[in-house]
1. Starting at the first residue of segment 43-50, write each ³J(HN,Hα) from the Karplus equation 6.51 cos²θ - 1.76 cosθ + 1.60 with θ = phi - 60°, in whole Hz, x for Gly and Pro.
2. I'd like to compare 97-107, 42-52: which one has the highest average count of other Cβ atoms within 10 Å, and what's the full order after that?
3. Shape verdict for segment 83-163, please, from the Cα gyration tensor: rounded (a/c under 1.5), prolate (a/b greater than b/c) or oblate.
4. Before anything else, pin down the relative contact order of segment 91-155: Cα pairs under 8 Å, at least 6 apart, normalised by residue count, whole percent.
5. Rounded, prolate or oblate, given the Cα gyration tensor of segment 116-163, with a/c below 1.5 counting as rounded?
6. Could you list the trypsin sites (Lys or Arg not before Pro) in segment 104-150 that lie in coil according to DSSP, counting only those with at most 15 other Cβ atoms within 10 Å of their Cβ?
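Read the figures in this text as sums done on the coordinates, not as results from a lab. Because the structure is predicted, anything quoted here is derived from the model rather than measured. All Cβ positions, glycine included, derive from the backbone under ideal geometry; neighbour counts span all protein chains shown.
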Amino acid sequence: MSFTMAIVGRPNVGKSTLFNRLVGKRLALVDDQPGVTRDLREGTARLGDLRFAVVDSAGLELEQGDSLKGRMRKLTERAVESADICLFLVDARAGITPADEIFADILRKRARHVILAANKAEGTAAEAGVMEAWALGLGEPVALSAEHGGGMDELYHRLRPLA
Ligand code: GDP
Ligand code: MG
């Protein structure tokens, strides 16, 4: 396997949808409910001629007594530490949230390599959100539509030099 990529980001941005698209099996649960992914799930991604290990990081589970920030840190750090590349997903429709900014800070400090992607980017409703993602200071966002397959070629071109 050439490298390991962890898909990280706050709940409901489409991490599991992207994981499923890359792996080509419905290994990860996708749901409208935030936090449906309970564990780290690993699979073999295929993207053009690239084969790499991909990890669908645990979604945030909001449990009573949990510190939101603390829990996000723990889950994200675990995924980040074992990955060569972190694909940081934000939701282009929702725009950038304080949780995204927390993730961005963690990734800046800990990740070996970060690729920022603005998901749900299909259609004009997402254009402002894609632009907003620049403000995270992680470079140019890749506009993705995990559900419809948009932007996978651009993702390929970002990953190719790292393989
Ligand atoms: P996760 O919590 O980050 O793993 O997010 P999921 O993969 O479970 O997706 C959360 C919701 O976003 C589901 O309703 C998906 O169908 C939806 N979703 C995922 N990708 C896209 C996309 O590219 N466009 C749109 N419009 N919705 C998406
Ligand atoms: Mg998930």
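1. Per-residue couplings from phi come out as x, 9, 8, 10, 9, x, 8, 8 Hz.
2. Details: 97-107: 17.5, 42-52: 15.7.
Peptide ranking by packing, descending: 97-107, 42-52.
3. Values: a/c = 2.16, a/b = 1.12, b/c = 1.93.
Note, shape of segment 83-163 comes out oblate.
4. Details: 88 pairs, mean separation 23.9, N = 65.
RCO, segment 91-155: 37 percent.
5. Since a/c reaches 1.5 but b/c is at least a/b, the shape of segment 116-163 is classed as oblate.
6. On the way: sites: 108, 109, 110, 112, 120; in loops: 112, 120.
Qualifying residues, ordered by number: 112.
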